[in-house]
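Reading through the structure tokens given below for one structure.
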Amino acid sequence: MNIAPQLAFSGQCRQAFEFYAQLLGGKIVIMNTFGGNGDRALPPGSTAGEADQIRFAEIRIGDSLLRGNDVPKDQYTPMKGFNVSLHIENADDAPRIFDALSEGGKVTTPLSKVDWAAQFGMVTDKFGVPWLVLGLEK
């Protein structure tokens with residue numbers, strides 16, 4: 001069994017995943033659009049987005065997976081009630097990653113030293129994804 005968050009976007013899934021892959025050293029392993037998916041049926045209760053929007057995307061970052069998709073604009077609700085927790089093995093990398101996630105977004109908790117991590121901060125990025133950033137070793 002594995003657990004992988006799946007994030008819903010309002011037309012920005014491609015841009016978000018390309019950004020995350022570059023920033024976090026990940027690899028996009030799946031990126032399907034609604035228009036390029038042939039006659040495959042949607043899951044029950046789903047509504048197709050625009051042809052160029054992402055039906056399903058998956059990025060591999062180390063041993064972790066992050067999944068995402070676009071939803072029609074009239075069905076999109078902003079993400080809330082969770083955070084994507086990013087545990088960075090080398091605390092020296094935390095400021096670079098935190099700053100990049102902060103650009104165009106909103107910092108909730110500035111990056112600082114805490115009892116449980118060399119670096120800790122909270123930010124919602126420009127795509128609306130809430131992150132907990134922890135730099136673990138110094």
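The values are calculated or read from the model by the stated rules, or taken from the named source; none is laboratory data. Being a predicted model, the structure only gives us computed values, none of them experimental. Positions of Cβ are generated from backbone atoms using ideal geometry, with glycine treated the same way; all protein chains shown enter the neighbour counts.
Things worth noting here:
- Any chance S102 is in the same structural domain as Q53 (by TED's automatic domain parsing), among the polar types (S, T, N, Q) and over 24 Å from G49 (Cα atoms): no
- The numbered conditions (1) loosely packed, with under 14 Cβ neighbours inside 10 Å; (2) not hydroxyl-bearing (S, T, Y); (3) not assigned by TED's automatic domain parsing to the domain that holds V129 are all true for E58 except (1).
- With respect to the conditions (1) in a strand (DSSP E or B); (2) modelled with pLDDT under 95, I28 falls short on a single one, namely (2).
- Identity of the residue in the range 50-90, part of a loop (DSSP other than H, G, I, E, B) and in contact with a Leu (Cβ under 9 Å, 6 or more places away or on another chain), that ends up nearest to F120 (Cα to Cα): N83
- Within the range 115-130, considering residues that are closer than 11 Å to A94 by Cβ and among the hydrophobic types (A, V, I, L, M, F, W, C), the one nearest to the chain's Cα centre (by Cα): F120
- Criterion (touching a residue at least 12 places away in the same chain (Cβ under 8 Å), more than 17 Å from G121 (Cα to Cα) and in contact with a strand residue (DSSP E or B) (Cβ under 8 Å, 6 or more places away or on another chain)) met by exactly one of G105, G35, G26: G26
- Number of positions in the range 63-82 that are of a type in the set (S, T, N, Q), surrounded by fewer than 17 Cβ atoms within 10 Å (Cβ to Cβ) and modelled with pLDDT of 90 or more: 2
- Only residues that are among the charged types (D, E, K, R) and modelled with pLDDT of 70 or more were counted across the range 31-53, and they come to 2.
- Among the residues of this structure, L101 counts as one that is part of a helix (DSSP H, G or I), at pLDDT 90 or above and either β-branched (V, I, T) or out of contact with any Gly (no Cβ under 8 Å at 6 or more places or on another chain) (or both).
- Scanning the range 1-11 for residues that are touching a residue at least 24 places away in the same chain (Cβ under 8 Å) and surrounded by fewer than 18 Cβ atoms within 10 Å (Cβ to Cβ) returns N2, A4, P5, Q6, A8, G11.
- Scanning the range 111-138 for residues that are of a type in the set (K, R) and buried (at least 20 other Cβ atoms within 10 Å of the Cβ) yields no hits at all.
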